[in-house]
Structures are given as structure tokens and as C-alpha cells.
1. For the stretch 382-405, give me the residue count where each residue is among the aliphatic types (A, V, I, L, M) and part of a strand (DSSP E or B).
2. Answer with yes or no whether Phe393 is surrounded by fewer than 19 Cβ atoms within 10 Å (Cβ to Cβ) and either over 24 Å from Leu466 (Cβ atoms) or at pLDDT 95 or above (or both).
3. Kindly list the number of the only condition in (1) assigned to a loop (DSSP other than H, G, I, E, B); (2) surrounded by 19 or more Cβ atoms within 10 Å (Cβ to Cβ) that fails for Ile670.
4. Does Leu98 meet the test of being under 23 Å from Tyr29 (Cα atoms) and at pLDDT 85 or above?
5. Among the residues of the stretch 675-704, write down those that are of a type in the set (S, T, N, Q) and buried (at least 19 other Cβ atoms within 10 Å of the Cβ).
6. Considering every residue within the stretch 132-153, establish whether at least one is at pLDDT 85 or above, within 21 Å of His90 (Cβ to Cβ) and surrounded by 15 or more Cβ atoms within 10 Å (Cβ to Cβ).
7. Go over the candidates Lys87, Lys108, Lys96, Lys104 one by one and state the one that is in contact with an Asp or Glu (Cβ under 9 Å, 6 or more places away or on another chain) and without any contact (Cβ under 8 Å) to a residue 60 or more places away in the chain.
8. Out of all the residues in the stretch 485-538, which are among the aliphatic types (A, V, I, L, M), in contact with a Leu (Cβ under 6 Å, 6 or more places away or on another chain) and surrounded by fewer than 21 Cβ atoms within 10 Å (Cβ to Cβ)?
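The values are calculated or read from the model by the stated rules, or taken from the named source; none is laboratory data. In this text the structure is predicted, and so the values were computed from the model without any measurement. When we count neighbours, we look across all protein chains shown, and the Cβ atoms used for this are built from the backbone with ideal geometry, even at glycine.
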Amino acid sequence: MQRIYYLLALLVISGFSYAQVSLSDFEKYPVFEECKGSEIKELPYCFNSTLTQFVLDNFNVPDKVAQENYEGQIVLLFEVTKEGTFKLLHTEAIYKELKEEAQKVFNKLPTINPATYGGDPTFMQFTMPIKIPLSRNAISSPQPSDQTDANVAQVNQENNPLKEEYDAIKNLEFQRDQKFSSQLNIPFSHQVYSRFDQQLNLVGTNSHTASKPFLYDMVDPYYDFIAVADSLATGKTGWWGRKWSDEHMVRVQGEDYWFTLDPAADLQLGLETDDLSKNDFTYNNTRAVFVQGGLGKKLNFFAAVYESQGRFPGYFDRFARSLRPDGGNPAIIPSRGIAKTGRNGDLDYPVAEGYLSFTPSKYFNLQIGHGKQFIGDGYRSLLLSDNSSYYPFIKLNTTFWKIKYTNTWTSLRDVRPEVTADGSFRTKFMANHYLSWNVSKKLNLGFFESVIWDNENDRGFDLNYLNPVIFFRAIEFSTGSRGGNALIGLSGKYKFNDRVNAYGQVVIDEFTADAITGGNQDYRNKQGVQLGVKYYNAFGVPNLTLQGEYNQVRPYTYSNNEIQLNYGHANQSLAHQWGANFKEYIAIARYERDRWYGTGKIILGTRGLEIGDINDVYFGGSIYGNDENRPSDTGIEFFQGNKATTFYGDLEVGYLINPATNLKVYANAIYRDFKVETQDALNFDTNTLWFNIGFRTDLFNWYYDY
């Protein structure tokens, strides 16, 4: 045993002695022609100084780098091969122009005598920093880098260029035009969109204004975002002042990417007087964060997460709770989403939205996300509105000549107990086409078709409807007319001059000629009409816009005898907030001056509500009934059922705190007078005054006019 200990000790000592022999004792540096007369110990310095001088003599700093007064460095990882040629392996730099220039310099280097190890040619790798501007450089010494050949020097981790990778990532000065020229959506808010509505509707423009939300690069040629931002700038220079009043909270821009990150809020405190008999405080407490940006020139992204709690006025709360889904949650907040019970019985409703926007060419834009769409030039839409909750979608915009063609494919949910299967909400799908054609400088026509089908028999997403140019009626018929619900629509706009235009929509849910022309009020006459007019700079007052709009939808429109195929999502209409069986008059005035704004709105409407269970007798006001339960085939009149009248007035005055994020502070007053012929638990006479003060990031529309 003792002999074994002696043997092990001898091996350790001999191994240690071998390790003390430096690999450099067998290594020789590459040799330039200028260094052939140098002693071997001088070869490293001669190689380094000759190479450095050559690089500095031949390196031309690109104009872009010089113009932007860039100060930094690039790091070169290169190799002298066994054949004595120079090979640039990697360049760490924030400008692609610097990388290209480094390659040009290395292409000019001559062939030299290669490095040797034990007398045999081998390759050797080096790292070399170059400071920008070049005047900051001294004749330095490139260092041997990571050698992957077993016969070359050990790895020198201190000089590994990847250790400089993090520091080489540099932020550039943020350019606002990155967002304004991007393919990001402008968050759809009626108040925000009113700022550039007139510019898009000047006589002679080739814009398409019905399909919303708009892309920034679609609006930018007509509305100078940067000039407007400059005109509203406060001039504050402190960090907090700039972030509060003029800028995004976090702004990052690199060579091929940019993004912004912002907190958001929708904080509201109100006082409701219902029938002037009780005083209840209302509130909304939304905290959010949203990020947007771009990767390269063709890909953009947006995401927002909202966490919210609220207590709403009586009429709105009753309506939200009437939408409650199967499964025990108490309500669906209109336009937002499913709510659970919060503290003190209040409603807690989280929401998320986001999308990717890809533009492969100037003709196409493809979006995949979770959000909402709107088709129309009015305050309401009878074709597709942002009234419902968010849903997954794929959207393709094609723009050329005088045409914009929008295809949208979505996945929807029916959350009612009667259609829920195995505890899961019922899935259905929707595909729609909208073609906008600028017929002349003044006239625009739009053609719309949509079809909804469900997942019955595990049908899933029907590939028939992926074809972007087919007629859905024909496909619906070929797959079984009871397997889908199609509707068609027409929109139009006429610009009388730069200050006045008229717009309208027609929706047809079931096209039967004798039902429409027969004059006997056939239940199959399912159609709706919208007429509206806008007057910009009204009566010569700059930035004053007046708008009048009329909407009517006949009973049973948007419904279907296969009740899961109605034109709805999450117990909300995909079109008008009131469903069907109504007539409505709207007057809106909007005024802006600097950062101040004011909006006044009056709505007069009459509608026919349901009485009792729609499975017994269905009068056609709700979109969720089965028209086989209609009271008759003919004599179907407006307002049949429980006739109700509504007067709604809304006045809001606010100040835009930060134009970059649409953060505003506001006060508003809402008056709602509701009268109904037959009183029930949901619908009864009310007279409500609701006062609010709020602090809001304006990223979406709130609709309180139910």
C-alpha cells in the first residue's frame, strides 16, 4: 500500500512540472512582410502594430456614424488561417455600416506567413477594439482569442469579445416618427379620432375611413402628428415634467428596434341620483400598463393589460348583470368583459388586448391579435362595432388604387347557460369582408358581408371561409343553410365639400324580395338603415364639429332560428348596442382648443323590449331569441313587445394632460330618462343624473348610452 502512495505522489509531481511548461514556448506569431527581419520575441509587437496601422489607414468612418456624432467602439474577432489569410469572424457594433466597413478593410489585408505551433502551421484568433472616432486610437495590440485547436494557446477569457456584447448594445435617441409612420393601430376612441377626421375627409383625398382602427401610417400623410405634438409641447425640461406632460414613460430605440412602455389608468368617481330618491357613489378603478413598438420596418406590436374594479349607476349595473354568463360570475361589463364579485359586492373585471402587425409590402397589412373592430363612419355601426368584449382575430388589409379590402376572421363565444356544453362556453366563428371603393373624389361606397358558424359536429374553423374573395351566401348554402348565418351590408359616404359630408349604412340579415316589397310587414324583412351627416368647423368656428345620425333596425335582425348563430359575442351585440327593433336619433358636438376639449351628446330613441321569456313569445328586440317563437308571420311592426323611450344627454369637458399617451382629466354629467310601458325587474321607469370626475388614458370607447 505504501508503494502505491509513493507512485501517486510521483505522478502528481511530474504532472505539475509538465503544466508549468508554457504553450507559448512552442508557438510563433504570424509574420507580416515588414516583420520578417525581427527577432522572434519582437514578432508579437510587430504583428500587432503593423495590423493596427493598416486598419486605421484603411478604415473610413461611414457618413451616418459621423453625422450622428457617435462615440464608442467596435470589437473585431478575426483569425489568421493556416494559409496566412485574414478572416473576419465577428464584429460587435451598433451600426451595420461599421460592420460593413470592417469587412472591406479585412478584404484588403495581404496574405502573410501563418502562425506555427511546434514548427507546424496553425491558425490563431485575435480580438481587436477600434475606437470611434478613429482619432481616439493609439497603436494597440490585438490579443490572442479563444483557440479551438488543441495545438494552440489556451483561451484568454478576459479578451473574449462576447464579454463586450452587453456594453455594445447602445440606445439611440428616440425618434417620434417611428410610431407615427408605423403600422400600429391608433387606439380607437371617438374623441381621439375626431382630431383628424376632417383631414381624412377632404375632397380629393384617397383615404378610406370606415374600417377602424386606423394605422398610424395611413393617417400620417393627412395629419402631421409631430407638428401637432410640437404645438402642444409644454417645453418642460425636467424628467418628471417631460414624462407627465409630453413623452412616453419609457422610450427605447436601437438600430433596428424601438418600443415604449407606459402606465395607464381609468380612475373615475361619480355620484348617481336615481329618481332623485337616493345618493350612491360610483367609481371605476382601472390600473393598466401598455407596451408598443417595432422590430425592423415591417413588424409592430402592441399589448395592454387592465386590472379593474367598479361600481356603476343603477341602470348600467342592472344591464351588466343581465348579461351574466353561465358559471356563476355575476355580470359582463359592456364593451369590456366578464366580471367577478369584488369587495362589498362591486364588480372586478380584468381585461387584456394585444396584436402583432406585419406589413410585407405597401399593399398588405396582416394583424393577429385579441381586440375589436369597427366598420362605419358614424357613432354607431350596423355592420360591426366595438360594442362587445374583446375576441381573437386575424385581419388582412389590402390597399391599392382606389380600393381598400379588409378581411377579418374571428373566434367568438356564446356564454349563455342554454348553449353551454360540459361547463364550457360555446365556440362559434365569424368571417367578414369589407370592400371600400373611392368611386370619385367625393363618393365612397363600401360592400360588406359576414357569416357566423358554430363548432357543431366538431366542424371547427371552416377552411371554406379562408378564401378572401368568395361570396359567403354561396358558401353558406353549400355547407347547409342552417349551418351558418350570413348577412350583407352596404355603406356610403359623400363629401359635399371640405366641411360637410354625409354617410350611411344598410344591413340586410335575410334577403327575401317578397318580404321586403310585399308591404305586409313580414317578419323576414330583417334590415337596418343608418343616415348621418358631419359638419366641420361649424358656423366658421375652428375645431367645432357637429354630427347628426339616425339609426333604425327592424325586429328579428341579427337573430337566427339556430340561436347560437346570432350576431353576438359574450351576450353582447356585434353591431348596435340596442340589438334590434328600435329607432334612434343622435346629435353630437365636439370642440377642441389646444389641450382642452368638450363633447356634448343627445340621444332620443324608441325600442321594443322583450316581455317575459323569449322562448315563449319573441318580439325581436333581443338578438338572442329564436324567430320561430314570433307572435305572427306578418304585421311585424317597430316597437312591438314592451315599448320603451329613452332620452340620454352627456356633457363632458376635459384637458389632455399628455398627448403622447392620450392621458386626460375630465368631468362629465349624464342625464338619462327611461320610460317603459310594462314595468319589470330589469326595465322600469327611471330618471338618472350621474356626475363624474375622472383621470383616464384614452385607449378605448366607453358606452353608457344603453
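1. Going through the stretch 382-405 one residue at a time, the tally reaches 4.
2. No: the conditions fail for Phe393.
3. Single failed check for Ile670: (1).
4. Working: under 23 Å from Tyr29 (Cα atoms): no; at pLDDT 85 or above: yes.
No; evaluated as a whole, the condition is false for this residue.
5. Step one: of the stretch 675-704, the residues of a type in the set (S, T, N, Q) are 678-679, 683, 686-688, 692, 697, 701.
Result: Asn683, Thr688, Asn692, Thr697, Asn701.
6. Looking for residues that are at pLDDT 85 or above, within 21 Å of His90 (Cβ to Cβ) and surrounded by 15 or more Cβ atoms within 10 Å (Cβ to Cβ), one finds at least one in the stretch 132-153, hence yes.
7. Values: Lys108 fails: in contact with an Asp or Glu (Cβ under 9 Å, 6 or more places away or on another chain); Lys96 fails: without any contact (Cβ under 8 Å) to a residue 60 or more places away in the chain; Lys104 fails: in contact with an Asp or Glu (Cβ under 9 Å, 6 or more places away or on another chain).
So the residue among Lys87, Lys108, Lys96, Lys104 that is in contact with an Asp or Glu (Cβ under 9 Å, 6 or more places away or on another chain) and without any contact (Cβ under 8 Å) to a residue 60 or more places away in the chain is Lys87.
8. From the stretch 485-538, those among the aliphatic types (A, V, I, L, M) are 486-488, 490, 500, 502, 506-508, 513, 515-516, 529, 531, 533, 538; that's our starting set.
Right, trim to in contact with a Leu (Cβ under 6 Å, 6 or more places away or on another chain) and you get 506-507, 538.
Of everything in the stretch 485-538, those that are among the aliphatic types (A, V, I, L, M), in contact with a Leu (Cβ under 6 Å, 6 or more places away or on another chain) and surrounded by fewer than 21 Cβ atoms within 10 Å (Cβ to Cβ) turn out to be Val506, Ala538.
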